[in-house]
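Quick notes on the structure that follows.
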C-alpha cells in the first residue's frame, strides 16, 4: 500500500505503469520467440 | 465386459508408453514458442515447492525471518512467471488454432487451468496477512456478494481463504494441468496451418 504506482489514463482505459510494462514485455518476448531461429543439432554424420 | 476391463482396454489403446514418454517430436515443434507451456509448468513446480515450505513454517516465519522473506518472494515471483508464460502459451495456442483435429478438450482444460489459476492467485493475495491482503479482501467481498457467493466463499474469512489457497485450488490446478498434459500426449501437438492453401481446402 505504501508504494502506489503511477497510473496512465486515456479515454476509458486506465492502467498502472507496472502493468503496462509487463504487457509490453510479453509482446516483445512473443515477437522474439516467433522471429528468432531455434538452434538444432545437425544430423549425425555431418551432412546437412 | 465390466468397467475395469473397458477402462484397461481404453488406456492400452490411447495411452501407450510411446505417447507418454516420446523421444522424438515433430519437426515443427522446433521453435521458441513451444517452450511457453513447459515454462508455465516449471513455474508451477517451483510454486508448489515454495508454497509447501511457506505453509509448513507459517506466517510468523515468512514475515519475520530473512529466509522467510526470500521464500515468500520466490513464491510471489513464480506466480508472476506462471501467468506471464501461461498467457504467452495461450497466445501461441490461439494463433495456431490448437483446438483443431479433435483437440477441443485440450483447449477447454487449458482454459479451466487459467480460470482456476486466477482463483488460486486471488486467495493467495488474501492469505498474505498484511495490509495488501486486508485491502484486497475488503474490496473483493462486494464483488463476491454481488454475484451471490459471499455466504459460501467469504473473502474476509482468512481460515477459509487460506484453506482454498493451500489445498483445494492447488490440487485442482495440478489435476487440471496433469489432465492437460495427458491430452497433449494423447493427441500430440497440433500441426501448423498449411501455408498458401485456401481456407476451404485446408484439412
By my count, helices (runs of 4 or more DSSP H) wholly in region B:11-64 with at least 1 residues that are over 25 Å from the mean Cα position of the chain (by Cα) and at pLDDT 90 or above are B:59-62
Among the residues of region B:94-148, which ones are more than 30 Å from residue A:4 (Cα to Cα), within 12 Å of chain A (Cβ to nearest Cβ) and touching a residue at least 40 places away in the same chain (Cβ under 8 Å)? B:96
List the pairs whose first member sits in region A:22-46 and is at the interface with chain B (Cβ under 9 Å from one of its Cβ atoms), whose second member is assigned to a loop (DSSP other than H, G, I, E, B) and at pLDDT below 95, and whose Cβ atoms are under 7 Å apart, counting only residues at least 6 apart or on separate chains? A:38/B:30; A:38/B:31; A:40/B:30
Among (1) away from every other protein chain (no Cβ under 14 Å); (2) surrounded by fewer than 16 Cβ atoms within 10 Å (Cβ to Cβ); (3) under 15 Å from the mean Cα position of the chain (by Cα); (4) within 17 Å of residue B:43 (Cα to Cα), where does residue B:73 come up short? (3)
Tally of residues being touching a strand residue (DSSP E or B) at 6+ places or on another chain (Cβ under 7 Å) and surrounded by 12 or more Cβ atoms within 10 Å (Cβ to Cβ) across region A:9-39: 3
Tabulated pairs, region B:7-24, first closer than 14 Å to residue B:187 by Cβ, second assigned to a helix (DSSP H, G or I), C-beta under 7 angstrom, 6+ apart or interchain: B:14/B:186; B:15/B:186; B:19/B:185; B:19/B:186; B:20/B:185
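The values are calculated or read from the model by the stated rules, or taken from the named source; none is laboratory data. In this text the structure is predicted, and so the values were computed from the model without any measurement. Positions of Cβ are backbone-derived with ideal geometry, glycine not excepted, and every protein chain shown enters the neighbour counts.
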